[in-house]
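The values are calculated or read from the model by the stated rules, or taken from the named source; none is laboratory data. Remember, predicted model here, so these are calculated numbers, not experimental data. Here the Cβ is made from the backbone with ideal geometry for all residues, glycine too, and neighbour counts use every protein chain on show.
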């Protein structure tokens with residue numbers, strides 16, 4: 001996380017001065033802001049940004065390897081999204097002033113539940129915030145409109161979709177190393193239920209990475225029941241990460 | 001295989017294996033004694049009119065020996081995990097166990113033999129153990145923020161526990177000094193606070209974690225859970241006050257509230273089970289569902305007694321007490337315990353050997369089946385015997401209950417034996433010391 005790297009802002013200034021300024025303020029205000037968020041906002045590969053932060057690469061914008069700002073295709077719902085009818089918030093002034101806009105966004109999100117969605121303008125793609133909103137029943141999509149200007153469309157999922165599944169509170173995504181599930185913030189026994197639902201539904205290749213906030217003690221007997229193993233992975237102090245792998249049949 | 005990763009103290013949420021084992025072991029032995037005691041005093045049950053003697057002794061074998069010890073062992077181990085809090089100090093848990101066990105033994109012996117010094121000494125020791133437990137439990141829930149429904153119920157249970165112990169101490173000293181104006185009213189309030197207040201609230205609260213966990217479903221929450229809690233708490237408070245002042249209409253209102261609150265709770269749990277993701281429910285749900293029906297039946301009977309639709313002494317009161325403690329609480333407890341015993345053992349094998357053994361590999365089905373049939377048959381027989389005032393049927397039912405309790409001990413012994421065998425095999429494989 002950027003807040004954990006005090007020297008990051010100075011080095012990142014060479015990559016994108018205005019963005020680094022914003023990111024520095026945002027990192028102070030939003031503890032969950034990551035290097036990945038900065039890279040996404042700057043349109044750079046994560047590895048390139050990391051190399052600059054760690055001093056392995058010169059503090060200059062690389063000429064090659066520019067990442068596409070948003071690789072995902074727009075979701076179907078975006079065409080029908082009632083943008084003019086939903087509440088909107090621009091968090092760029094908040095972040096520029098070093099203020100945490102989280103509470104304000106959540107207040108707007110409450111109104112967005114009734115209105116069917118909300119729109120957020122931000123200087124970068126706020127992935128941690130999107131995860132929070134997805135846990136609260138919104139589908140999200142982010143697009144870079146200009147330098148330091150991202151728009152995030154948040155569409156309220158139908159109530160049936162949001163509550164039918166016990167895992168509705170967990171964020172799930174695919175990555176190169178397997179399916180990831182983030183159960184942080186969920187009360188017991190929701191994390192265990194969400195993880196087991198993911199295991200049992202079969203939407204994985206036998207590897208699941210769990211992002212948890214504590215050791216999932218209740219989970220281990222159920223993993224043994226399903227012949228799954230677990231290994232602890234290195235993660236930050238605020239996270240406990242486990243790699244679950246299906247055992248031999 | 002755990003790597004060298006800082007878990008931030010999170011791995012310290014399991015008590016040493018011997019601590020929950022002590023609580024559960026003592027409860028399993030007391031379970032047999034409770035049914036045996038009921039068989040031995042079968043001729044006094046239907047005519048029970050209060051006061052020391054074998055019936056009250058048997059009731060306390062079940063309440064203090066089985067229900068309270070199991071609740072202590074389960075909550076001291078399960079709540080820190082469920083609430084994400086550090087485990088309590090092992091010495092504190094050990095002190096709680098010995099104080100409560102020694103106190104319960106003294107109190108029960110004193111009640112059975114009409115020994116006033118034993119009653120007072122036992123009550124003081126058991127009360128100390130229960131208060132130490134309350135302090136430890138308070139420490140566990142103090143900093144926790146969620147799950148809200150669990151915290152609300154546990155906090156209410158703690159308040160009820162303190163009040164129930166205070167009344168119990170008054171009752172025990174009254175047996176020697178005759179200080180209370182109306183011993184019966186205090187005993188009634190003590191019964192309601194202990195059974196519905198402490199044990200009941202704890203059972204309802206833990207259900208918000210255990211039932212969804214067993215069924216693999218979404219935990220109930222939100223305003224229905226809050227409403228259920230509020231009505232149940234108000235009902236316990238009203239019931240205790242009504243018993244203290246001797247006003248039947250207050251007790252009747254409390255019973256109506258209890259039916260509403262507990263009915264809502266049962267509805268929430270049943271819905272969580274219906275919307276589960278586990279295809280086939282475990283056999284423990286036979287007992288858990290039976291316990292829900294028995295809870296509502298006990299409350300309905302309590303309402304009938306309060307409205308004087310049934311005789312308030314003898315058969316009616318005895319049946320109410322039986323449905324309450326042997327019916328609802330013991331049935332729920334054995335249903336939950338048959339699931340969490342192998343579950344906890346498996347959790348401990350994960351810590352001790354790196355890889356957990358599947359809980360189903362620790363279970364022997366035959367004793368559980370025997371226990372289930374015996375327990376349900378015993379409940380039906382004893383309840384019928386009390387209702388019809390036939391001591392022979394009560395004694396027969398209690399004897400069947402003894403058989404079920406022995407089968408349950410067989411099940412628990414098998415879990416322990418298989419856990420030890422797994423740990424031994426793991427130690428041998430790793431070349432370590434056992």
Out of B:151, B:101, B:79, report the one residue that is under 20 Å from the mean Cα position of the chain (by Cα), assigned to a helix (DSSP H, G or I) and modelled with pLDDT of 95 or more. B:101
Among the residues that make up the range B:163-183, is at least one of them at positive phi, in contact with a helix residue (DSSP H, G or I) (Cβ under 9 Å, 6 or more places away or on another chain) and modelled with pLDDT under 90? no
Does any residue of the range A:114-135 turn out to be under 26 Å from residue A:182 (Cβ atoms) and at pLDDT below 70? yes
Say we look at the range B:193-240 and pick out the residues that are closer than 13 Å to residue B:148 by Cα and without any contact (Cβ under 8 Å) to a residue 12 or more places away in the chain; which of these is nearest to the other protein chains (Cβ to nearest Cβ)? B:222
Residue list for the range B:83-97, restricted to those being within 18 Å of the chain's Cα centre (by Cα) and either surrounded by fewer than 20 Cβ atoms within 10 Å (Cβ to Cβ) or within 14 Å of chain A (Cβ to nearest Cβ) (or both): none
Picked from the range A:230-249 (must be assigned to a strand (DSSP E or B), free of Cβ contacts under 8 Å to residues at least 24 places away in the same chain and facing chain B (nearest Cβ under 7 Å)), the residue surrounded by the most Cβ atoms within 10 Å (Cβ to Cβ) is A:232
Please pick out the residue among B:325, B:286 that is within 18 Å of residue B:373 (Cα to Cα) and at pLDDT 90 or above. B:286
Residue list for the range B:275-287, filter: in contact (Cβ under 8 Å) with a residue 40 or more places away in the chain and either assigned to a helix (DSSP H, G or I) or within 14 Å of chain A (Cβ to nearest Cβ) (or both): B:275, B:276, B:277, B:278, B:282, B:284, B:285, B:286, B:287
List the number of the failed condition for residue B:369; all other conditions in (1) buried (at least 20 other Cβ atoms within 10 Å of the Cβ); (2) under 23 Å from the mean Cα position of the chain (by Cα) hold. (1)
Scanning the range A:198-226 for residues that are within 8 Å of chain B (Cβ to nearest Cβ), surrounded by fewer than 21 Cβ atoms within 10 Å (Cβ to Cβ) and in contact with a strand residue (DSSP E or B) (Cβ under 9 Å, 6 or more places away or on another chain) gives A:213, A:214
Checklist (1) within 30 Å of residue B:278 (Cα to Cα); (2) within 23 Å of the chain's Cα centre (by Cα) applied to residue B:164, failing item: (1)
Could you grab me the full set of residues in the range A:170-185 that are surrounded by 23 or more Cβ atoms within 10 Å (Cβ to Cβ) and within 13 Å of chain B (Cβ to nearest Cβ)? A:170, A:183
Could you check, for the range B:43-52, whether at least one of its residues is at pLDDT 90 or above and in a helix (DSSP H, G or I)? no
The condition from (1) away from chain B (no Cβ under 14 Å); (2) modelled with pLDDT of 80 or more that residue A:193 misses is numbered (1)
Looking at the structure I just gave you, is residue B:392 at pLDDT below 95, surrounded by fewer than 21 Cβ atoms within 10 Å (Cβ to Cβ) and either part of a helix (DSSP H, G or I) or touching a helix residue (DSSP H, G or I) at 6+ places or on another chain (Cβ under 7 Å) (or both)? yes
Filter pass, residue B:343 being over 30 Å from residue B:247 (Cβ atoms) and within 14 Å of chain A (Cβ to nearest Cβ): yes
Working carefully through the options B:331, B:349, find the one that is modelled with pLDDT under 95, under 30 Å from residue B:15 (Cα atoms), in a helix (DSSP H, G or I) and touching a helix residue (DSSP H, G or I) at 6+ places or on another chain (Cβ under 6 Å). B:349
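Rundown of residues vs (1) part of a helix (DSSP H, G or I); (2) in contact with a strand residue (DSSP E or B) (Cβ under 6 Å, 6 or more places away or on another chain); (3) over 23 Å from residue B:49 (Cβ atoms), yes/no style:
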| site | (1), (2), (3) |
| --- | --- |
| B:258 | yes, no, yes |
| B:271 | yes, no, yes |
| B:289 | yes, no, yes |
| B:292 | yes, no, yes |
| B:303 | yes, no, no |
| B:310 | no, no, no |
